[in-house]
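See below for the structure under consideration.
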Amino acid sequence: MFWNPKIECMPADQLRQLQYRELKRLVNNLYSFNKFYRDHMKAQNVTPLDINRIEDITKLPFMYKQDLRDNYPDKMFTVPKNEIVRYHVSSGTSGKPTLVAYTRNDLDYWTEALCRSFTAGGLGPDDTIQISYGYGLFTGGLGAHYGAERVGATVLPSGTGNTERQLEMMKDLGVTAIACTPSYLIHLDTTAKKLGYDWKRDMVLKKAFLGAEPWSEPMRTRIQNDLGIKAYDLYGTSEQAGPMFSECEYQKGVHVWGDIMYVEILDRETGEPLEPGNEGEMAVTMLKKEAMPMIRYRTRDITTLYTDTCECGRTSPRLARITGRCDDMLVIRGINVFPSQVEYTLLQIPEVGDQYMIIVTRDGDLDKMVLQVEIRPETFSDKVEDMIALRAHIESQLKKYLNIAVQVELKAPGELPRFDGKASRVIDKRKI
Ligand code: DLL
């Protein structure tokens, strides 16, 4: 098995020392050799001499996605072009794409991180894993691919799309694990049922590494029950490298390998660091990156950091599920609503299917939220009064948990769009 007990179970004070040494080396290098970082540090009145313990990281300036866009394509690179061996591109919702560059060592650390993560989730040489993340500019496919190969699993690089074929191969090749977005696994499940597959009779799938988009605990429960598998959360961003950190068999949050990434959780309003156990925006410092280092990069992802020892024995810090992004928050009539809260509430109603779409409009001066919800095939009925009662029940649950009035539109199974890659579940017409 590929794991690194020396790092993964390292006592917290030793890990802080190791992180300090890495940070000091990184800051010295950047201050000496890179104009972007030197200018930023000077503007904040900080030099490498001010960094004397890991906690001094708070003296350093933050970095934002906008920095990557402003310095597109190569002004953030800190190595000569001939040391760069790969690019990936993250397609943002607006503006220039974000280009991420990797040296050979960057690729090795990325693979090492995933190798430890997959091992924690029980992936090994006896497994056949279907990688159904997109291959290409997106980091999901190639990232998961090399991590899975390094643990010795047999990799089926199926990429996205061609769902019927994916199911056929899954059956014929005895696929035991899959890596894809949660929404794509749900789509595979729906298609499998339509084609007459039975997960228990026809498939030997045991585990899934799901990420690249938000998903909730009720969604995990459904996937695990419907498919009879274990579903692990897999997290990462292209600025960090790509998919990197996942859960162990206890599923108590994503283990972060502290020799590779230092995590801070910040108060969303003030940017001040919060103690472990508090929810806030995650900022990350990539301690090993060479081609494009990231210091205090504001991910915009909202989560909580836990530092207690996990039941698996690993001391590495863990991240709770991402509950939303700072920029995903919808303000509806002055009330803050995260799409993850909507999903959390919806998926606890057994009659509701797995697909929904949030549509926000403005009616005169008032914001209006319409929620299109697919109903499970077994509960979908022609009896109008049953459907009216169900709609009223969903609306009252949403009112209770979100504290806003939501207009629900029930949809037949299969009526809402499906996604091969990241699901897109919000249409905010106020912005169009
Ligand atoms: O989505 C990398 C990735 C690929 C992660 C495959 C996991 C699996 P980006 O395209 O740069 O990179 O998007 C990063 O996606 O800031 C989060 O908002 C969201 N995200 C990623 N993983 C999760 C997750 C990849 N497990 C952005 N839960 C991040 C919730 C996630 N959100």
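For LEU274, the residues whose modelled amide H falls within less than 5 Å of its own, excluding neighbours fewer than 5 places apart on the same chain, are ILE265, LEU266, ASP267.
Each Lys or Arg adds one and each Asp or Glu subtracts one; over the other residues with Cβ under 10 Å from the Cβ of SER90, this totals 0. Computed from backbone phi, the HN-Hα couplings of region 421-429 come to x, 5, 6, 10, 10, 10, 10, 9, 6 Hz, rounded to whole numbers (Karplus: 6.51 cos²θ - 1.76 cosθ + 1.60, θ = phi - 60°; Gly and Pro given as x). For region 1-155, the equivalent ellipsoid derived from the Cα gyration tensor has semi-axes of 31, 23, 13 Å, listed largest first. Relative contact order for the chain: 14 percent, from Cα pairs under 8 Å spaced at least 6 residues apart, divided by residue count.
When the chain is treated as a Gaussian network with alpha carbon springs shorter than 10 Å, the biggest mean-square fluctuation among HIS145, HIS255, HIS393 belongs to HIS393. Computed from Cα atoms alone, the Kirkwood hydrodynamic radius reported for region 153-234 is 12.8 Å. Given contacts defined as C-alpha pairs under 8 Å and at least six residues apart, what's the relative contact order of region 5-127, whole-number percent? Reported relative contact order: 16 percent. For GLY122, no residue 5 or more places off, or on another chain, has a built amide H under 5 Å of its own. Segment THR309..TYR64, full-extension length gain: 85.1 nm, with 0.36 nm per residue of separation and the alpha-carbon distance subtracted. Which net charge results when you count Lys and Arg as +1 and Asp and Glu as -1 among the other residues whose beta-carbon is under 14 Å from that of ARG314? Combined, the nearby Lys, Arg, Asp and Glu give -2. The spacing between region 341-404 and region 101-118, judged by their C-alpha centroids, is 42 Å. Straight-distance candidates among the lysines for linking to LYS24, with alpha-carbon spacing under 30 Å and chain neighbours fewer than 8 residues away dropped: LYS6, LYS35, LYS42, LYS59, LYS65, LYS75, LYS81, LYS288, LYS289.
Per residue, what accessible area does the chain have, given a 1.4 Å probe and all protein chains present, in Å²? Display every interim value, and only then the final one.
Details: 19270 Å² over 432 residues.
That works out to 45 Å² for each residue.
For region 87-212, the Cβ-based charge dipole about the Cα centre amounts to some 240 debye (Lys, Arg positive; Asp, Glu negative; other atoms uncharged).
Add +1 for every Lys or Arg and -1 for every Asp or Glu among the other residues with Cβ under 15 Å from the Cβ of LYS368, and state the total.
Details: positive: ARG333, ARG362, LYS399, LYS429, ARG430, LYS431; negative: ASP363, ASP365, ASP367, GLU395, GLU409, ASP428.
Residues near LYS368 contribute 0 overall.
With both residues required to sit in the chain, DSSP beta bridges show an antiparallel share near 60%.
Only Cα sites of region 335-428 enter the Debye sum here, all with the same form factor; the resulting log10 I(q)/I(0) across q = 0.11, 0.14 1/Å is -0.31, -0.50, listed in q order.
If you count the DSSP beta bridges with both ends in region 335-428, what percent of them are antiparallel, to the nearest 5? All intermediate terms of the calculation are to be shown ahead of the outcome.
Working: 9 of 18 bridges.
So the antiparallel bridges in region 335-428 amount to around 50 percent.
Once the chain from ASP382 to GLU272 is taken as fully extended at 0.36 nm per residue, the excess over their C-alpha distance is 34.2 nm.
One equal scatterer on each Cα of the chain, no solvent, Debye formula: the resulting log10 I(q)/I(0) at q = 0.10, 0.11 Å⁻¹ is -0.74, -0.89.
Angle of helix 163-172 to the longest C-alpha principal axis of the chain, folded into 0 to 90 degrees and rounded to 10: 80°. Taking the Cα centre of region 1-327 as reference, the dipole from Cβ charges on Lys and Arg (+1) and Asp and Glu (-1) amounts to some 520 debye.
Within the chain, what's the longest run with no trypsin sites (Lys or Arg not before Pro) in a DSSP loop and at most 16 other beta-carbon atoms within 10 Å? Give the range, please. The segment 76-205 is the longest one with no such site. Across region 102-113, coupling constants 3J(HN,Hα) worked out from phi with the 6.51/-1.76/1.60 Karplus curve, θ = phi - 60°, read 9, 8, 4, 5, 4, 5, 5, 5, 4, 5, 4, 4 Hz, and Gly and Pro carry x. Between SER32, SER246, SER158, the GNM of the chain built on Cα springs shorter than 10 angstrom shows SER32 fluctuating the most. Amide H contacts for LYS230 (H built 1.01 Å from N in the peptide plane; partners 5 or more residues away or on another chain; cut-off under 5 Å): LYS207, ALA208. For region 35-72 and region 214-239, what is the separation of their Cα centres, given in Å? Cα centres, region 35-72 to region 214-239: 35 Å.
Quick one: pull the percent of accessible area on the chain belonging to carbon and sulfur, 1.4 Å probe, ligands and nucleic acids left out. Present the calculation step by step, with values, prior to reporting the outcome.
Details: 9470 of 19270 Å².
On the chain, the fraction of accessible area on carbon and sulfur atoms equals 49 percent.
For region 238-264, the residues whose amide N sits under 20 Å from a probe point set 7 Å from the Cα of GLN224 along the beta carbon direction are 245-256. Bridgeable lysines around LYS171 (alpha carbons under 20 Å apart, same-chain partners fewer than 8 residues away excluded): LYS193, LYS194, LYS200, LYS206, LYS207, LYS230. Phi-derived couplings, Karplus 6.51 cos²θ - 1.76 cosθ + 1.60 at θ = phi - 60°, listed residue by residue for region 235-247: 10, x, 9, 5, 5, 7, 2, x, x, 9, 10, 9, 9 Hz, with x used for Gly and Pro.
By the rule of a C-alpha distance below 14 Å, with chain neighbours fewer than 8 residues away ignored, the aspartates and glutamates paired with LYS252 are GLU217, ASP233, ASP308, GLU311.
Think of the chain as a dipole: +1 on every Lys or Arg Cβ, -1 on every Asp or Glu Cβ, centred on the Cα centre; then among LEU287, THR315, LEU346, LEU287 lies furthest on the positive end. Spacing of the modelled spin labels on VAL426 and LEU195, each 7 Å from Cα toward Cβ, amounts to 3.4 nm.
Comparing GLU264, GLU343, GLU415 in a Gaussian network model of the chain (Cα springs below 10 Å), the most mobile by mean-square fluctuation is GLU415.
The values are calculated or read from the model by the stated rules, or taken from the named source; none is laboratory data. Keep in mind the model is a prediction, meaning the values are calculated, not measured. Backbone-built Cβ (ideal geometry, glycine too); neighbour counts: all protein chains shown. Quick note on the areas: whole protein, heavy atoms, side chains included, nothing else; ligands and nucleic acids left out. Shrake-Rupley method; radii C 1.70, N 1.55, O 1.52, S 1.80 Å.
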